[in-house]
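Asks: Before I ask anything, let me first share the structure, which is written out below as structure tokens.
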Amino acid sequence: MRVYGRPLVEGDARGELLVTRQPISFYGGVDPDTGVVVEKGHELEGVGIGGKILVFPYGKGSTVGSYILLRLAKNGVAPAGIVNESSEPIIIIGCLIAGIPLMDRVDIGSLRSGVAAEMHVGESNAYLDVEV
Amino acid sequence: MELTRWEERALRGDMGEALRLAMRAVVKVGEALGAERLVPITWAHVSGISYKNIGDAGLEFLEELAGRGARVSVKTTLNPAGMDMERWREMGVDEGFAEKQLRVIRALARMGVQATLTCTPYLYGRVEPGEHLAWAESNAVLYANSVLGARTNRDGGPLALFEAIAGRAPYAGLHTDEGRVARVVVDFAPAAERLRGLYQVAGYILGRIAGPRVAVAEGLPRPSAWEVKLFLAAVGASGGTGLVYLPGVTPEEPRVAGDAERVSVEPGDVEEVEAMFSGEFDAAVLGCPHLSREELVEVLRYLERRGGARRRLVLFTARAARDRSLEEWAGRLGVEVFYDTCMVVSPIVGRLGGRVAVDSAKAAYYLAAQGYSVRLMSRRQLLDYVAGGGD
């Protein structure tokens, strides 16, 4: 299955999908050293996002979150790619400085965790190929 | 998005790698926000510079950017750091942290950023109504839009830096007339009696109601200069909005959407916020946002009339407000003054024993989130406590 979206930060990624319906705050919500979600009560609490194609509706919380994405990348525990319904500046800037491919305007309701996927974000198009 | 020829060349990298990266960031964010073009800015204010938050990765990123020749193209100021740049030892900051924090600021200074290290840039420069800015730091953004009539979105720290380098911001949101239309009107009249002297509580309530929506505040008596600061800082802590129309304060006539929601604030809402921040305390901290010079003088004058401080009081202000005679006066009254930082981003509250009184709902919110015991009160109550009366 191929899902199209809007290209935001160019790059290619391959990995297992990790999907949540809840927004993510990278600042305070994700441990920058381990890539594990630490936000209390989040449905991904305790789960590592490193190497995954991370799918969530949109970002929330402090704008320091951009730097947390960069710290995750330097520590080798960043997501391989990010797919949003609607990306806001914290995520866009974070992905840009951390070199994480990013696309949005994707109906994430059809995506499931644990499935292998490949993501391509070019200058004018972006899509996600998901194993069915 | 429609770009000028200069912007296109910058985006292609004709003028260097650093400008290309900055322009890319601004354009990408602009596209996501639906901006049709960029708008030149006159002043950028950069936040998120505490080493505690950005870590080695952030430090290396800034040093790399400076090393690649990045330079800001407009006046650019800085939010507070994680410590007083001179008296950090007294705040409980260790040497390793101090060295890294210094490197963060040096990297930014190499790019041409002025190390003002204050969250009140609006006190130290002129801004004309209608001027376009790129400010991070929510209280400053709210002040710029709501009090100065300038136009800025609530940008994040790294975005504001990219905008400073590019000299441009996406023409979207609060930069545009449509983005400044109020979607909610908050009427404080039913709780006005209960809110006397508690603008910070009013602001906290408004932020919770407004969320990301531009708001009009009605039914509040006209606040003084420092009360406006406390009010807007509180709005920024509990809500995502960057503009509140305050009758008698905001130079712009409010534009209100036909279908704007109307919400009345009841006395119970005030009690609810007070109950959130009703912890025990044995010291007091003031200066969120940083105290102006006038506020410093007022605080010291009040304490002098009351015979000085009998309990511990720490004040935070900008280095630009520093004055030897004021410092000595504070010292004689038993009051400490720090610069460049505040109670939220430095380790001072832990140093004070972890239980403090504040007059800022923003400080209360962020200190409570760090696990400290916080009591929110009016400035008068707080000073009476420090002077040893009341309480």
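Asks: From the list B:31, B:36, which residue is charged (D, E, K, R) and either touching a Lys or Arg at 6+ places or on another chain (Cβ under 8 Å) or assigned to a helix (DSSP H, G or I) (or both)? Outline the logic, then answer.
Replies: Values: B:36 fails: either touching a Lys or Arg at 6+ places or on another chain (Cβ under 8 Å) or assigned to a helix (DSSP H, G or I) (or both).
Step by step, each of B:31, B:36 is checked, and only B:31 is charged (D, E, K, R) and either touching a Lys or Arg at 6+ places or on another chain (Cβ under 8 Å) or assigned to a helix (DSSP H, G or I) (or both).
Asks: Please specify each residue of region B:166-202 satisfying the condition of being charged (D, E, K, R) and under 12 Å from residue B:266 (Cβ atoms).
Replies: Going through region B:166-202, the residues charged (D, E, K, R) turn out to be B:168, B:177-178, B:180, B:183, B:187, B:193-194, B:196.
Residues satisfying the conditions are B:187, B:193, B:194.
Asks: A further question follows. Would you point out which residue out of B:333, B:326, B:315, B:286 is without any contact (Cβ under 8 Å) to a residue 60 or more places away in the chain and within 17 Å of the chain's Cα centre (by Cα)?
Replies: Residue meeting the stated conditions: B:315.
Asks: For region A:69-99, give me each residue that is hydrophobic (A, V, I, L, M, F, W, C) and buried (at least 24 other Cβ atoms within 10 Å of the Cβ).
Replies: Across region A:69-99, the qualifying residues are A:69, A:70, A:72, A:78, A:82, A:83, A:90, A:91, A:92, A:93, A:95, A:96.
Asks: Return the residues of region B:43-70 that are surrounded by fewer than 17 Cβ atoms within 10 Å (Cβ to Cβ) and assigned to a loop (DSSP other than H, G, I, E, B); say none if nothing qualifies.
Replies: Passing the criteria: B:68, B:69.
Asks: Can you report the number of residues in region A:84-129 which are hydroxyl-bearing (Ser, Thr, Tyr) and either out of contact with any strand residue (DSSP E or B) (no Cβ under 8 Å at 6 or more places or on another chain) or over 24 Å from residue A:61 (Cβ atoms) (or both)?
Replies: Looking only at that region, the number is 3.
Asks: What are the residues in region A:101-121 that are within 14 Å of another protein chain (Cβ to nearest Cβ) and closer than 10 Å to residue A:10 by Cβ, if any?
Replies: Our first condition is that a residue be within 14 Å of another protein chain (Cβ to nearest Cβ); within region A:101-121, this holds for A:101-106, A:121.
Within region A:101-121, A:101, A:102, A:103, A:121 meet the criteria.
Asks: Hey, another quick one. Go through B:40, B:80 for me and flag whichever is in contact with a Cys (Cβ under 7 Å, 6 or more places away or on another chain) and touching a residue at least 60 places away in the same chain (Cβ under 8 Å).
Replies: When all the criteria are applied, what remains is B:80.
Asks: Let me ask something else about it. Out of B:24, B:87, B:5, B:9, report the one residue that is touching a helix residue (DSSP H, G or I) at 6+ places or on another chain (Cβ under 8 Å) and among the basic types (Lys, Arg).
Replies: Exactly one residue qualifies, and that residue is B:24.
Asks: One residue is enough: does region B:86-102 have a residue meeting the conditions farther than 30 Å from residue B:354 by Cα and not assigned by TED's automatic domain parsing to the domain that holds residue B:322?
Replies: No, region B:86-102 contains no residue that is farther than 30 Å from residue B:354 by Cα and not assigned by TED's automatic domain parsing to the domain that holds residue B:322.
Asks: List pairs: first residue in region A:58-76 and farther than 13 Å from residue B:159 by Cβ and facing chain B (nearest Cβ under 9 Å), second residue among the hydrophobic types (A, V, I, L, M, F, W, C) and not in a helix (DSSP H, G or I) anywhere in the structure, Cβ distance under 6 angstrom, at least six positions apart or on different chains.
Replies: These pairs meet every condition: A:72/A:78.
The values are calculated or read from the model by the stated rules, or taken from the named source; none is laboratory data. Everything quoted here is computed from the prediction, not taken from an experiment. Note that we place each Cβ from the backbone using ideal geometry, even for glycine, and neighbour counts take in every protein chain shown.
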